[in-house]
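The values are calculated or read from the model by the stated rules, or taken from the named source; none is laboratory data. Since the model is a prediction, treat every value here as computed from it, not as a measurement. Positions of Cβ are backbone-derived with ideal geometry, glycine not excepted, and every protein chain shown enters the neighbour counts. Accessible surface is based on the protein model in full, side chains and every heavy atom, while ligands, DNA and RNA are left aside. Shrake-Rupley method; radii C 1.70, N 1.55, O 1.52, S 1.80 Å.
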Amino acid sequence: MIKCVVWDIDNTVLSGVYLESPDRLPDADPVIASVLRELASRGVLHALASRNPPEAADYVRQVTGTSFAAARCGWGSKADAVAAITAELDLTLDAVAFVDDDMIERAEVAAALPRVLVLSPEDAADAASWPQFGPAVVTDEARRRAEMYEQRRRRQAASSKFAGTREEFLRQVGTRVTIAPAVAGDAARLHELSVRTHQLNSSGVPLGAAEFGVLIRAPGRLVVAVRLADDFGDDGLVGAAVTELDDAGTWSVPLVMMSCRALGRGVLDSLLGWLCRSAARAGARELQVPCLVTERNVPMRLALAAAGMRAAAGAAGADGRAIFARSLSGELPPVPDWVTVETVP
Amino acid sequence: MTGAEPAILDDLRQLLVTVTGRPDLGSVAAQTPLFGAGVGLDSLAGTMLLRQVQRRYGVDVAAEDLNLDALETLGSLAAFIAERVGEGPWPEGQGPC
Ligand SMILES: [Mg+2]
């Protein structure tokens, strides 16, 4: 049972960044505020761990009307903060959950403290119904979702113990990535991904399900859906790319996005490798990915750089985008042999 | 190479071991490519490495280097950092944020 939830502040409990606009501080996120109240009514404790000055915690107390049993505000690691809060409240790590909008922070905490239940804010809104949070009634659906998180925890624990390269681990646990043309039935999930992926999203522009439906049918466009599974479980549709097939010898990819579920599992690298190879096979000379350049999607920029893509220096335009491109001659980034590609027109 | 660079390089090797969970990278050569075969730095490990660099040295590589060319090798990353800071790493938890 979870006895304490440790919350990040910026873009998690608050719908914005505390230090960004001092004269107009962000409100509490209404969904998270109601989760805070619901869990508190069940006797679950709340705590804060944030890279902010201590005043931010006071502000959060005030704006959510919730009391927090502990707060760690500072520039150290979140894993250290969660461990310190757990000790301060005399709990064990299995009784603690950690919620953060930043997938890298989540990955760090999950790696350092594999017994802690690590959740995104979207997960946290759902998790109140899971058995670990002691709801009055547990539905089958809630039990199923909680089980998906247990799979993740088992994978993390296995990965932490594994002595070898990441690639060897992915192979050992039977990682399967499937890249296939998206179909109409994928549109709702693609919309959800386009809203929820910030750190692994090249465009930063959310699209509706209907817009994805149009793109999937449009001639001259290729929308591919990426699915992920391994021996621990099936993560379903985790990512996508929208490509404009241009006669002039360039494949331009206006959207690449990937769920945090795929983080560290070779999926985005495989997708970029596949894009390069498919474009080259189709006779294109260059692959281009226009990418919004922000602090938040540095992980996307890293994946582009790892795939050998570069932008012209100082190229981020007025819209904040830079076009990352690479030639398709010479050696292309690899697609590992665990990636299955279904027929692409 | 400036005076601080060898110390920074040693520090980066330790950070690389931490973010990848691979002790064998503690002796990686300064000129080994970080992307692709060998080290195989991916988004996750790469972002964690850049954040550690920012916490320890106050250097925001991603903000200054659009193409992340500084991440070509540990040697190029050490040089990038050394150009921007005079001394070695700050003691744990005492660097600027
Ligand atoms: Mg945050």
Considering (1) outside any helix (DSSP H, G or I); (2) within 30 Å of A:P336 (Cβ to Cβ); (3) away from chain B (no Cβ under 11 Å), say which one A:V137 fails and leave the rest.
(2)
I need the full set of residues from the range A:225-239 which are in contact (Cβ under 8 Å) with a residue 24 or more places away in the chain and surrounded by fewer than 23 Cβ atoms within 10 Å (Cβ to Cβ), in order please.
A:R227, A:A229, A:D230, A:D231, A:F232, A:G233, A:D235, A:G236, A:L237
Within 14 Å of chain B (Cβ to nearest Cβ) and either open to solvent by 40 Å² or more (accessible area, probe 1.4 Å) or over 27 Å from A:R144 (Cα atoms) (or both): which single residue out of A:V298, A:V242 fits that description?
A:V298
Just wondering, is there one or more residues in the range A:317-328 that are touching an Asp or Glu at 6+ places or on another chain (Cβ under 8 Å), surrounded by 16 or more Cβ atoms within 10 Å (Cβ to Cβ) and facing chain B (nearest Cβ under 8 Å)?
no
Check the range A:102-113 and report whether any residue there is of a type outside the set (F, W, Y), more than 18 Å from B:V19 (Cα to Cα) and open to solvent by less than 20 Å² (accessible area, probe 1.4 Å).
no
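Take the residues of the range A:9-20 that are open to solvent by less than 10 Å² (accessible area, probe 1.4 Å) and either assigned to a loop (DSSP other than H, G, I, E, B) or near the ligand (Cβ under 8 Å from one of its atoms) (or both): which is nearest to A:P54 (Cα to Cα)?
A:I9
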Unique match (being more than 16 Å from the ligand (Cβ to nearest atom), more than 26 Å from A:C276 (Cβ to Cβ), of a type outside the set (D, E) and assigned by TED's automatic domain parsing to the domain that holds A:G266) among A:S129, A:S159
A:S159
Candidates A:V99, A:V118, filtered to the one that is open to solvent by less than 10 Å² (accessible area, probe 1.4 Å) and either more than 16 Å from the ligand (Cβ to nearest atom) or assigned by TED's automatic domain parsing to the domain that holds A:D10 (or both)
A:V99
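Within the range A:32-45, identify whether any single residue is outside any helix (DSSP H, G or I) and of a type in the set (S, T, Y), and answer yes or no.
No; the residues of the range A:32-45 include none that is outside any helix (DSSP H, G or I) and of a type in the set (S, T, Y).
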Only one of these is within 11 Å of chain B (Cβ to nearest Cβ), within 26 Å of the chain's Cα centre (by Cα) and of a type in the set (V, I, T): A:V339, A:V293. Name it.
A:V293
Which listed residue is in contact (Cβ under 8 Å) with a residue 40 or more places away in the chain, over 18 Å from the mean Cα position of the chain (by Cα) and farther than 26 Å from A:D231 by Cβ, from A:G134, A:G174:
A:G134
Let me spell it out: the conditions are (1) within 16 Å of the ligand (Cβ to nearest atom); (2) touching a Leu at 6+ places or on another chain (Cβ under 7 Å), and A:V31 meets all of them except one. Which number is the exception?
(2)
Within the range A:36-56, work out how many residues are within 16 Å of the ligand (Cβ to nearest atom), open to solvent by 10 Å² or more (accessible area, probe 1.4 Å) and either within 19 Å of A:P121 (Cα to Cα) or under 22 Å from the mean Cα position of the chain (by Cα) (or both).
1
Conditions (1) without any contact (Cβ under 8 Å) to a residue 24 or more places away in the chain; (2) open to solvent by less than 30 Å² (accessible area, probe 1.4 Å); number of the one not met by A:D23:
(2)
Could you check, for the range A:95-113, whether at least one of its residues is of a type outside the set (D, E), without any contact (Cβ under 8 Å) to a residue 40 or more places away in the chain and farther than 26 Å from A:G16 by Cβ?
yes
Please find, within the range B:29-43, the residue that is farthest from the other protein chains (Cβ to nearest Cβ) out of those that are crowded, with 19+ Cβ neighbours inside 10 Å and in contact (Cβ under 8 Å) with a residue 24 or more places away in the chain.
B:L34
Please enumerate the residues belonging to the range A:182-205 that are buried (at least 16 other Cβ atoms within 10 Å of the Cβ) and part of a loop (DSSP other than H, G, I, E, B).
A:A182, A:T197, A:H198, A:Q199, A:L200, A:S202, A:S203, A:G204
Scan the range A:158-181 for residues that are out of contact with any Asp or Glu (no Cβ under 8 Å at 6 or more places or on another chain), surrounded by 15 or more Cβ atoms within 10 Å (Cβ to Cβ) and aliphatic (A, V, I, L, M) and jot them down.
A:A158, A:V177
